[in-house]
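Please treat every number below as a calculation from the coordinates, not as lab data. Note that the structure is a prediction, hence the values are computed from the model and not measured. Counting neighbours? That spans all protein chains shown, and the Cβs are built from the backbone with ideal geometry, glycine included.
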Amino acid sequence: MQSFGSVARRGAVAIIIAMAVLAARPALAQDKVKVGVFPVSSSLPYFVAIELGYFKEQNIEVETIRLIGGPPNIAAMITNQIDACAVLVTIEGMNANLKKPGVAMYISVNSQNEKHQMEQFVVREGVAATSLKDLKGKKILSAPGPANLTMAKAVLAAAGLKEGDYTIDQLDMGQHVNAMKAGTFDAGYTLEPNASVMRKLGIARTLEAGVIAKYILGNPEANAYVAGGALTSDFIANRPDVARRFALAWAKAVRHINTNPGEARKHLIKNTFTPPEVVDTVPMIKYVMAGDLTAKDKQEFQQFIDFSVKAGTLPEKIEVTQYLKAY
């Protein structure tokens, strides 16, 4: 009969061998997700999730594909060259959904207004202007993409300026600061962090911010859900668990940003056109996961999209709730 000690020793040896075998096995490969990234401050959840290891916690390896503006991101989503978009203008996302239903499913949206500043009109130092009306006769640059250009024109129209009262040209975001510094334009419809950089360098000053909430939604404190993070429906359908884990990492980044905005700002350095000496002054927008939107939030989101239909940017009415994906 075997002694208890002999059995125990053999059991211990077996456990050690089993542990050695497990340790020798290669780690499971991380799931890869291709993400289109527009390097502006509204892409912050993506940068936070990378640099704080939230994607890694979910066993996800992201591949960053730098795409400037909505059109190239939409093209990449439709053709499945990317699985997700770090920030996609909602007008352009909904337009894509009219062409290919479900191609852009928003897991989060970004609120911008007078308090949570993103889009704004700036005017070059030395140019006399105290209101949007004073941009009559001026040469204006615009953030790229049909949605940005339409919003810029719509805001100017609401301020009393019609097309022909000014000239406006789309310009790559990376060129805004230098173009204003060179005096090529008198004013601009730009996004953060470019406006903060211009102010810091003394190149331009903000004429008015939160203009979509004020002029389009009729309330400077309204939530203008102009952009957000989106996944393709093919990604969600074909790799549902990976999409779910991607969204969980994104949600953790959103919580971090909304509760620690000062710390979160630091992740704009190196990831956007934000120099270290400017980062602490960049305004923060509000990030909301799709599952946390209230009825009022959805109503304001729909109001913004309905305006785009009326303005002709979108060819027909579309219900935004169909393209919200909550996890």
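Within the set of other residues whose C-beta is less than 14 Å from the C-beta of L314, count the net charge using Lys and Arg as +1 and Asp and Glu as -1.
Numbers: positive: K99, K310, K317; negative: E92, D306, E316, E319.
Counting the neighbours of L314, the net charge comes to -1.
Database remark: amide H of Y287 closer than 5 angstrom to the amide H of S111 (H placed geometrically; neighbours at sequence offset of 5 or more, or on other chains; Pro and chain starts carry no H). Counting neighbouring Cβ atoms within 10 Å and putting the fewest first, the residues D134, D83 line up as D134, D83. Under a 10 Å cutoff between Cα atoms, tell me which one of Y166, Y287, Y54 has the largest fluctuation in the Gaussian network model of the chain. Looking only at Y166, Y287, Y54, the largest GNM fluctuation is found for Y166. Charged neighbours of N80, selected by a Cβ distance under 13 Å, balance to +1 (K, R count +1; D, E count -1). Under a GNM of the chain (C-alpha, springs under 10 Å), which listed residue has the highest mean-square fluctuation: A243, A75, A187? Result: A75 has the largest fluctuation of those listed. The aspartates and glutamates whose alpha-carbon is closer than 19 Å to the alpha-carbon of K270, local same-chain residues fewer than 8 away aside, are E51, E63, D172, E192, D280. Among H256, H267, a tally of other beta-carbon atoms within 10 Å of each Cβ gives an order, fewest to most, of H256, H267. Take the alpha-carbon centre of the range 256-321, take the same for the range 180-228, and report the distance between them in whole Å. Cα centroid of the range 256-321 versus Cα centroid of the range 180-228: 14 Å apart.
May I ask you to list the GluC sites (Glu not before Pro) in the range 287-320 that are in a DSSP loop and have at most 13 other Cβ atoms within 10 Å of their Cβ? Write down the numbers at each step before the final one.
Details: sites: E300, E316, E319; in loops: E316, E319.
Listed in order of number, the matching sites are E316, E319.
Let me know the charge dipole size of the range 189-237 about its Cα centre in debye, to the nearest 20, where only the beta-carbon of Lys, Arg (+1) and Asp, Glu (-1) is charged.
Numbers: 4 positive and 4 negative charges, 62 e Å.
I would put it at about 300 debye.
Result for the chain in a Gaussian network model with C-alpha springs under 10 Å: among T150, T232, T294, the largest mean-square fluctuation is at T294. Expressed to the nearest 5 percent, the antiparallel share of DSSP beta bridges inside the chain is 55 percent.
Charge tally around F55: other residues with Cβ under 9 Å, Lys/Arg +1 each, Asp/Glu -1 each, net 0. Considering only I318, F273, I257, and ranking their Cα positions along the charge dipole of the chain that arises from unit charges at the beta-carbon of Lys, Arg, Asp and Glu, the one farthest toward the positive end is I257.
Placing unit charges on C-beta atoms (Lys and Arg positive, Asp and Glu negative, everything else neutral), compute the dipole magnitude of the chain about its Cα centre in debye, rounded to 20.
With only Lys, Arg, Asp and Glu charged at Cβ, the dipole is about 640 debye.
Considering only DSSP states other than H, G, I, E and B, which trypsin sites (Lys or Arg not before Pro) in the range 292-324 qualify as loop sites with at most 14 other Cβ atoms within 10 Å? Taking the range 292-324 and a limit of 14 other Cβ atoms within 10 Å, the loop trypsin sites (Lys or Arg not before Pro) found are K317. Ignoring lysines fewer than eight residues from K32 along the same chain, the ones with Cα atoms less than 21 angstrom from its Cα are K56, K252, K325.
Using the Stokes-Einstein relation with a Kirkwood hydrodynamic radius computed over Cα pairs, the translational diffusion coefficient of the range 120-209 at 4 °C and a viscosity of 1.567 mPa s comes to 103 µm²/s.
Partner aspartates and glutamates whose Cα lies under 15 Å from the Cα of K133, excluding those fewer than 8 positions away in the same chain, are identified as E163, D165, D186, E208. Shape summary: the range 201-246 maps onto an equivalent ellipsoid whose semi-axes, from the alpha-carbon gyration tensor, are 37, 16, 8 Å in decreasing order.
Only bridges whose two residues both fall in the range 120-209 count here: according to DSSP, what percent of them are antiparallel, nearest 5? Around 55 percent of the beta bridges assigned by DSSP in the range 120-209 are antiparallel ones.
Axis of helix 4-24 versus longest Cα principal axis of the chain: the two differ by about 30°, to the nearest ten degrees.
In the chain, the longest principal axis of the Cα atoms and the axis of helix 146-158 are about 40 degrees apart.
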